[in-house]
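A.B. asks: Next up is a structure, given as structure tokens.
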There are 4 protein chains.
Amino acid sequence: MVIIMQQGAAPEQVEAVIDTVQTQGFTPFVNPGVERKVIAVLGVVDSQKVTLVDKFESLEGVERVTLISEPYKLSSRNYHPADTIIEVGGVTIGGPDIVVIGGPCSVESREQVLETAHAVKAGGGKLLRGGAFKPRSSPYSFQGLGNTALEFLAEAREQTGLPIVTEILDPDDLPMVSEFTDVYQVGARNMSNFRLLQRLGRTDKPVLLKRGPSAKLREMLQAAEYIMVEGNHRVILCERGIIAWDDATRNTTDINAIPVLKQWSHLPVLLDPSHSVGYTRWVTPIARAGVAAGADGLIVEVHPNPSEALSDGSQALKPDQFKQMMDQVRRIANAVGRGPNAG
Amino acid sequence: MVIIMQQGAAPEQVEAVIDTVQTQGFTPFVNPGVERKVIAVLGVVDSQKVTLVDKFESLEGVERVTLISEPYKLSSRNYHPADTIIEVGGVTIGGPDIVVIGGPCSVESREQVLETAHAVKAGGGKLLRGGAFKPRSSPYSFQGLGNTALEFLAEAREQTGLPIVTEILDPDDLPMVSEFTDVYQVGARNMSNFRLLQRLGRTDKPVLLKRGPSAKLREMLQAAEYIMVEGNHRVILCERGIIAWDDATRNTTDINAIPVLKQWSHLPVLLDPSHSVGYTRWVTPIARAGVAAGADGLIVEVHPNPSEALSDGSQALKPDQFKQMMDQVRRIANAVGRGPNAG
Amino acid sequence: MVIIMQQGAAPEQVEAVIDTVQTQGFTPFVNPGVERKVIAVLGVVDSQKVTLVDKFESLEGVERVTLISEPYKLSSRNYHPADTIIEVGGVTIGGPDIVVIGGPCSVESREQVLETAHAVKAGGGKLLRGGAFKPRSSPYSFQGLGNTALEFLAEAREQTGLPIVTEILDPDDLPMVSEFTDVYQVGARNMSNFRLLQRLGRTDKPVLLKRGPSAKLREMLQAAEYIMVEGNHRVILCERGIIAWDDATRNTTDINAIPVLKQWSHLPVLLDPSHSVGYTRWVTPIARAGVAAGADGLIVEVHPNPSEALSDGSQALKPDQFKQMMDQVRRIANAVGRGPNAG
Amino acid sequence: MVIIMQQGAAPEQVEAVIDTVQTQGFTPFVNPGVERKVIAVLGVVDSQKVTLVDKFESLEGVERVTLISEPYKLSSRNYHPADTIIEVGGVTIGGPDIVVIGGPCSVESREQVLETAHAVKAGGGKLLRGGAFKPRSSPYSFQGLGNTALEFLAEAREQTGLPIVTEILDPDDLPMVSEFTDVYQVGARNMSNFRLLQRLGRTDKPVLLKRGPSAKLREMLQAAEYIMVEGNHRVILCERGIIAWDDATRNTTDINAIPVLKQWSHLPVLLDPSHSVGYTRWVTPIARAGVAAGADGLIVEVHPNPSEALSDGSQALKPDQFKQMMDQVRRIANAVGRGPNAG
């Protein structure tokens, strides 16, 4: 049972709820640092539920009490039956149109970003991705251009109008990243970095949350919950491939995740075919599959010269390959009754 | 290096090739019981290759010598660049049109099979599947109706014209099964039952080979090789889901397998969305994804009354659900430039 | 609910039981070809159980009715609380002493087998393993010496007194293999080859059943059940590694399987450290771990000259390495209160 | 090629090295915020290596240039052939004696911690573990007592003399946690939280690094590298189970990881049998297996009353079970030539 307080509920109201929970014999768990307080009451047996809901909902400052049985609550379709549609810079994600985010894995130079941004725009992409801070397995690998990369991305946005998606690794980078980005990306390695999720939950920009390589889907929704419970409900889920034991591909695209997440949750769901299959030659068929399975869009790596990329070149599309992919994806989108984003 | 003898090469010709291989210092491996003899010469170093190919190809009875570096040879696209198109009972598999195979997991009764067959036909399915011999994890589970089931399937074929696909578990069942079926199905559990594969390689009917739940794609092609090396090149590959560590779905649909197999091999590739996702409500989106990814067709479980099915009821489509799936699949097929089978 | 008939129950007695099951409103499943008939009655609800057990146990020819809730019955410790001890050629498996089976992956020559057998004997091994028929991923790989290999193994047994363990791939090989072997080995690829298991269930020799690379432990016990339900209760379970996504090792040794299987089942449990880790240099520590975890013994690859082995050389121990492993394993065996086999 | 600067090398010395690298035609990567600067020079071809090593090693401020081919360098046994032995509070980890760390998953109360600490001490444990900040899949689960828990742990240390191991989730908690703990624990979810690793690399306390549930062993060593490259070489590796597709156990204990890590790296290696198998009844056999496989020690969950634990109660040992485990582990330690820690 989860008691959701009103935004701005007074501390005394929260205290009164906590007291009542304790009086009823339960240990209340209040998550530290949450702006909109949520009080979890665990271990409630079925016979008590009706009475307790009534009691808690009658308290001052309580917005609602939810009985959702899944381990995720705010991200559940039972909590919010309609699709969540997220608007960012004039683009809507999760609505009727398919949205494609394109751009390089890492921002490497001003020219690279600008050229790619124009190619993404020309191909029909609606947002620009690009890594400024890169989480790399090795400390000896290229770690991103940092602040400089953010400035290049901003210039690309100015020229093309494409909103920016960039990864955030560390709460300490928030002031800098928030100055530039339109959407925060949480990488697969950080899906369970709960402190980072909590901080992003207190921002007012959408969060693109990538699935961890061995995260169960309900764990992914619980990760989204860490963001949402802090007040930021604009979370975009992204399947990016799970660990593979067959070395034929880099990861295993869990295409099942698309319809499962769309049924379990109201949040938009994207597929990242670049990481999930890992080789340029198979990105387009997997992109088609993702849209056919019901994804709300794609996030795809595009690079003007993949063979010289500082990271992940083997899975990037060249501008003309991106354009071809978009043509094919558009036909699939139409076949499932969805159009290209009007931008 | 693989030396492929001509069909009907004389034993003395084979012997002469073997002698020559030995004279050159290699141990020849001739697979027992192969009608078209294939002699593998392993361990040839690069510098010797040109000379040896010339030498072996000049011997009498040799059809060709192949230097294919993959561990699979006859199933490789390097060996046979064009798509293999398999014709069975007037239906073509692997050609321009998408082919859908529908039917119950297990044949349970005459009425059940006939009703399902008509529904499959009405929905646009081109072949009828149905299990007569069921490999079940437990010896206490329903094991299939056996011979009786085959007769029901044959009656359904007579009424609808749909060719039959049924599983074969044991070489000893070959005389009985071959009397009825049009396509042999090898189940996932038997993908590495090499003796069964070898026997099917000596038959003249197509073999639908399901991927083992933890088989790498190259192992699947090597399994196909066991059939092909015996003379039967009509093998249909089928992705049916790999083992999952997320209990959200029954298996993990390896959608990546579709474009990989289509590139590596010339054989037709199907997807079984029923097993690969395992729940009726997600079968249709996964079916769409399979066709969008480039599959040549689907094999789908259909049952008039899934809640009473003796096996796998939770993943079967009812006739009207099958029809809806077909409508959606047809739109995807058109979007990727493929039509429904003209039948 | 499972009704187990007496050995040699008359057909009319079986019929009478089946009639009674049907009269009670259940569909009885009788497995075809079982010598000791077992009749499964599925779907019995709790409230009916006591009455039905009484009714069925009162019928003539019925040995017992079991209510075991696990999907495996005869292999369950609930069915047979004491450890099963299997005696073969004077060696006991599953008793207080640790038993080690050693020998080459494939029998390659008379000299190789004899030399290895003497090394295994000298090191303290109690049985000799050696493959005559090899299931190989590729049809172009060495497939074993067949009958000749069996004769070499028999000669080695004569010289050393070590009973033989060899793999059986195909029911058709039974007459030949049964003439020579003391224990049938079912390889990982065949764990779900239920027809093979059923045939072995009708023999009178122990069966060493290897776990499939993606088989759940309850599926392994269900596979054992296929053998046991036919009358042969002398099944030895063997963990041999599950599929790995980390290429650091060949497979992942599922060490957890050892205590789980020992608790769930009364059957002896072995570990195959050679396959499960896949590299000679790590075989000994994994062998130690297996015995420490509670395994009843080990099956280990030994080869006089691993670098020239026709299969799996990279995981074989040389005779002196085998001796060192045995010394270490003996110390671990003592530490867990078990001695070396008295032979 | 990796150029390691001396501790306290002057900025001008670092600049001079960078200039030289650029002059030679390479792009130097200097990791931001590293106290002991390390400059990676990637893409050096073999023929250039000798010349470049000479050139770079002759520059002022350079400590050494390493050519280690593995993707991890400082953690490689090639870099440091002898075992690393870590001393903390009078206990040595990685030396001849096996070290056992025991304690509750979460610190729940003063009484619980004190009682557990005395039980761990009595049983022969050498360090006390206890979670103050808990990373939980759900934001509604108990998240730890925080600062209060740290104070309870400190009191337990005072009473028992056992050094403390506690998890750190967030660099922002460092000031508080560092005041109390003796060893920082990085949980499995944070193994790839590179920013956290970097911060811990700048501390002077040992770091117990748990393997991510789908991390390859080389990725784990690369994670260790993130800590070591910052100057803190006191890293303890810990296998804690990888994701399992068999629900028989909570995770799959990757016992192979023990000998592999001990060969590849000089760092101490522990096993956490509590998480890796996940059920109390199997913790002891897996603990024995870990030590038999060559682990330098164990980290085990102990709770005075597991059935009332706020987290992970189903895998905790009671004090008497801990004592029994220790008796058995001691016998295994002796069998592999290692003693209990003298403390």
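A.B. asks: Hey, got the average number of other protein chain Cβ atoms within 10 angstrom for residues in A:83-91?
C.D. replies: Shielding by partners across A:83-91 averages 0.
A.B. asks: Which of the aspartates and glutamates could a cross-linker bridge to C:Lys126, judged by Cα under 13 Å and excluding same-chain residues fewer than eight apart?
C.D. replies: Partners within reach: C:Glu87, C:Asp97, C:Asp182, C:Asp296.
A.B. asks: Counting other beta carbons within 10 Å of each residue's own, what order do B:Thr66, D:Thr27 fall into, fewest first?
C.D. replies: Working: B:Thr66 17, D:Thr27 13.
In increasing order of surrounding Cβ atoms, one gets D:Thr27, B:Thr66.
A.B. asks: Considering only DSSP beta bridges with both partners in the protein assembly as shown, what is the antiparallel share in %, to the nearest 5?
C.D. replies: The antiparallel proportion sits near 35 percent.
A.B. asks: Here's something else I'd like to know. Fewest Cβ neighbours within 10 Å first, please rank C:Leu217, B:Leu317 accordingly. Kindly include the intermediate steps, with their values, before the conclusion.
C.D. replies: Numbers: C:Leu217 22, B:Leu317 25.
Neighbour counts put them in this order, fewest first: C:Leu217, B:Leu317.
A.B. asks: Could you work out the relative contact order of segment C:213-343? I mean the mean sequence separation of Cα pairs under 8 Å and 6+ apart, divided by the number of residues, in percent.
C.D. replies: Averaging sequence separation for qualifying contacts and normalising by length gives 18 percent for segment C:213-343.
A.B. asks: Please say if segment A:240-286 is rounded, prolate or oblate, where rounded means a/c under 1.5 for a ≥ b ≥ c the square roots of the C-alpha gyration tensor eigenvalues, and otherwise the choice is prolate for a/b larger than b/c and oblate otherwise? All intermediate terms of the calculation are to be shown ahead of the outcome.
C.D. replies: Numbers: a/c = 3.08, a/b = 1.85, b/c = 1.66.
Here segment A:240-286 falls in the prolate category.
A.B. asks: Given R₀ = 60 Å, FRET efficiency for A:Glu155-B:Glu179 by Cβ-Cβ distance, to 0.05?
C.D. replies: Here the calculated transfer efficiency is 0.25.
A.B. asks: Would you list A:Ser214, C:Ser192, B:Ser276 from fewest to most Cβ contacts within 10 Å?
C.D. replies: Details: A:Ser214 19, C:Ser192 27, B:Ser276 31.
Ascending Cβ contact count within 10 Å gives the list A:Ser214, C:Ser192, B:Ser276.
A.B. asks: Give the separation of the Cα centroids, segment A:234-262 to segment A:38-81, in Å.
C.D. replies: Value for the Cα centre distance between the two parts: 31 Å.
A.B. asks: If you don't mind, another one. Once both labels are modelled 7 Å past Cα along the beta-carbon direction, what's the C:Glu70-B:Arg202 spacing in nm?
C.D. replies: In this crude spin-label approximation the distance works out to 4.1 nm.
A.B. asks: While we're on this one: Using a 10 Å cut-off on Cβ to Cβ distances, tally the other chain neighbours for every residue of A:203-215 and report the average as a whole number.
C.D. replies: Across A:203-215, the average partner-chain Cβ count within 10 Å equals 2.
A.B. asks: Gap in Å between the Cα centre of segment C:120-166 and the Cα centre of segment A:217-231?
C.D. replies: Here the answer is 56 Å between Cα centres.
A.B. asks: Dipole magnitude of segment B:90-232 about its Cα centre, charges +1 at Lys/Arg Cβ and -1 at Asp/Glu Cβ only, in debye to the nearest 20? If you can, show how the numbers build up before the last one.
C.D. replies: Details: 16 positive and 17 negative charges, 116 e Å.
The calculation lands at about 560 debye.
A.B. asks: Taking Cα pairs under 8 Å and at least six residues apart, what relative contact order does segment A:22-150 come out at, in percent?
C.D. replies: Normalised by residue count, the contact order of segment A:22-150 is 13 percent.
A.B. asks: Please name whichever of B:Gln185, B:Leu196, B:Leu174 sits farthest to the positive end of the charge dipole of segment B:149-209, dipole taken about the Cα centre and charges placed at Cβ: Lys and Arg +1, Asp and Glu -1.
C.D. replies: B:Leu196
A.B. asks: In addition: For chain D, what is the mean residue ellipticity at 222 nm derived from helices alone (per DSSP H run of n ≥ 4: -39500 (n - 2.57); sum divided by total residues; nearest 500 deg cm²/dmol)?
C.D. replies: On the way: 11 runs with 121 residues, N = 343.
Theoretical 222 nm ellipticity from helices: -10500 deg cm²/dmol.
A.B. asks: From the residues C:Ala257, C:Ile243, C:Ala224, which one has its Cα farthest along the dipole of segment C:203-260 in the positive direction, the dipole being from +1 and -1 charges on Cβ of Lys/Arg and Asp/Glu about the Cα centre?
C.D. replies: Checked the options; the winner is C:Ala224.
A.B. asks: Sticking with this structure for a sec: With every atom except the alpha carbons ignored, what do you get for Rg and Dmax of segment C:111-162, in angstroms?
C.D. replies: Cα-based Rg and Dmax for segment C:111-162 come out at 12.2, 36 Å.
A.B. asks: Next up: State, to one decimal in nm and shortest first, how far the label point of A:Ser58 sits from each corresponding label point in the other identical copies (label point: 7 angstrom along Cα-to-Cβ).
C.D. replies: So the distances to the same position in the other copies read 5.8, 8.8, 10.3 nm.
A.B. asks: Kirkwood hydrodynamic radius, segment A:14-145, all distinct C-alpha pairs: what's the number in Å?
C.D. replies: Result for segment A:14-145 stands at 19.6 Å.
A.B. asks: Shielding by partners for B:320-333, please: the mean number of other protein chain Cβ atoms within 10 Å of each residue's Cβ.
C.D. replies: 2
A.B. asks: Next up: Quote the charge dipole size of segment D:209-283 about the Cα centre in Debye, to the nearest 20; the model charges only the Cβ of Lys and Arg (+1) and of Asp and Glu (-1).
C.D. replies: 140 debye
A.B. asks: Sort segment B:64-209 into rounded, prolate or oblate with this rule: let a ≥ b ≥ c be the square roots of the eigenvalues of the Cα gyration tensor; rounded if a/c is under 1.5, and if a/c is not under 1.5, prolate when a/b is larger than b/c, oblate otherwise.
C.D. replies: It comes out oblate by the Cα gyration axes.
A.B. asks: OK, next. Starting from the Cα gyration tensor of segment C:159-253, multiply each eigenvalue by 5, take the square root, and state the resulting semi-axes largest first in whole Å.
C.D. replies: Whole-Å semi-axes of the equivalent ellipsoid: 24, 17, 11.
A.B. asks: Kindly state, to the nearest 0.05, the FRET efficiency for A:Glu15 paired with A:Ile85, given R0 = 30 Å and r defined as their beta-carbon distance.
C.D. replies: 0.25
A.B. asks: While we're on this one: Just need the relative contact order of segment C:82-201 here, percent rounded to a whole number, with Cα pairs under 8 Å and 6+ apart.
C.D. replies: 21 percent
A.B. asks: In nm², what is the average projected area of the convex hull enclosing the Cα atoms of segment A:224-343?
C.D. replies: With the hull built on Cα positions only, its mean projection is 8.9 nm².
A.B. asks: How many percent of DSSP beta bridges within segment C:82-233 run antiparallel, rounded to 5?
C.D. replies: Once the DSSP bridges in segment C:82-233 are tallied, antiparallel ones form about 20 percent.
A.B. asks: Would you kindly work out, in nm and rounded to one decimal, the distances from the label point of A:Gly161 to those of the same position in each other copy, ordered shortest first, with label points 7 Å along Cα-to-Cβ?
C.D. replies: 5.4, 7.5, 9.1
A.B. asks: Once you compute Rg and the Kirkwood Rh from C-alpha atoms, what is the Rg to Rh ratio for chain D?
C.D. replies: Rg divided by Rh gives 1.01.
A.B. asks: From the alpha carbon gyration tensor of segment C:153-207, can you work out the equivalent ellipsoid semi-axes (sqrt of 5 times each eigenvalue) and give them in Å, largest to smallest?
C.D. replies: 22, 11, 9
A.B. asks: For each pair in B:Lys262/D:Lys210; A:Lys134/A:Lys216; B:Lys216/D:Lys262; D:Lys49/D:Lys216; A:Lys318/B:Lys262, compute the distance between the two Cα atoms and list the pairs where it is over 32 Å.
C.D. replies: On the way: B:Lys262/D:Lys210 40 Å; A:Lys134/A:Lys216 24 Å; B:Lys216/D:Lys262 29 Å; D:Lys49/D:Lys216 29 Å; A:Lys318/B:Lys262 22 Å.
Too far apart for the 32 Å limit: B:Lys262/D:Lys210.
A.B. asks: Which value in Å does the Kirkwood hydrodynamic radius of the protein assembly as shown take, with 1/r averaged over all unlike C-alpha pairs and then inverted?
C.D. replies: Every distinct Cα pair counted, the radius reaches 33.6 Å.
A.B. asks: Kirkwood Rh over Cα pairs of segment C:197-285 into Stokes-Einstein at 10 °C, 1.306 mPa s: D in µm²/s?
C.D. replies: Value of D from the Cα-based Kirkwood radius: 117 µm²/s.
Values quoted throughout were computed directly from the atomic coordinates according to the rules given, and no laboratory measurement underlies them. These figures come from a predicted structure and were not determined experimentally. In this analysis, Cβ positions are derived from the backbone assuming ideal geometry, glycine residues included, and neighbour counts consider all displayed protein chains.
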